[in-house]
Amino acid sequence: MKGQFLSKALTPGIAIGALIFAGCSTTETRISGHPEIYQSLSSRDQALVSQGQIRDGMSPNAVYLAWGSPDRKIVGNMRGRPSETWITCITRLIIRTPTPPMVPVMARVTGSD
């Protein structure tokens, strides 16, 4: 009886998780799809991108490889220079909660890659 309830409760969560992650590209798929961009990065940035991490001032191409396309871009000026702010919402699937939390993340990127 308890096993049936657990099975019925987990099945929708697993299905939803599979749908969410099936449509997402991963760091590995972005790197393998754009090896020329990855090879053009410094060894420091290659290491960060491979781990899905970014740093302040990283090029837009490197941030794309690490995190994918941003959910939103804001173009403006910062200290008299053109700037572009990428906003990305990261979803973390936690089975024990009814809805995964959305966390807005902002990072400054440089260059015009």
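Can you work out which of the residues in the stretch 47-58 that are within 21 Å of residue 83 (Cβ to Cβ) and more than 15 Å from the chain's Cα centre (by Cα) is surrounded by the most Cβ atoms within 10 Å (Cβ to Cβ)?
Only one residue tops the list, namely 57.
Which of the residues belonging to the stretch 55-104 are at pLDDT 90 or above, under 17 Å from residue 26 (Cβ atoms) and of a type in the set (Val, Ile, Thr)?
Scanning the stretch 55-104 gives a single hit, 63.
What number of residues within the stretch 8-22 are modelled with pLDDT of 50 or more and loosely packed, with under 10 Cβ neighbours inside 10 Å?
Number satisfying all stated conditions: 2.
Filter the stretch 20-71 down to residues that are among the basic types (Lys, Arg), assigned to a helix (DSSP H, G or I) and in contact with a helix residue (DSSP H, G or I) (Cβ under 9 Å, 6 or more places away or on another chain), then give me how many there are.
Adding up the residues that qualify gives 1.
The values are calculated or read from the model by the stated rules, or taken from the named source; none is laboratory data. Everything numeric here is computed off the predicted structure, so don't read it as measured data. A quick note on method: Cβ atoms are made from the backbone with ideal geometry, for glycine too, and the neighbour counts reach across all protein chains shown.
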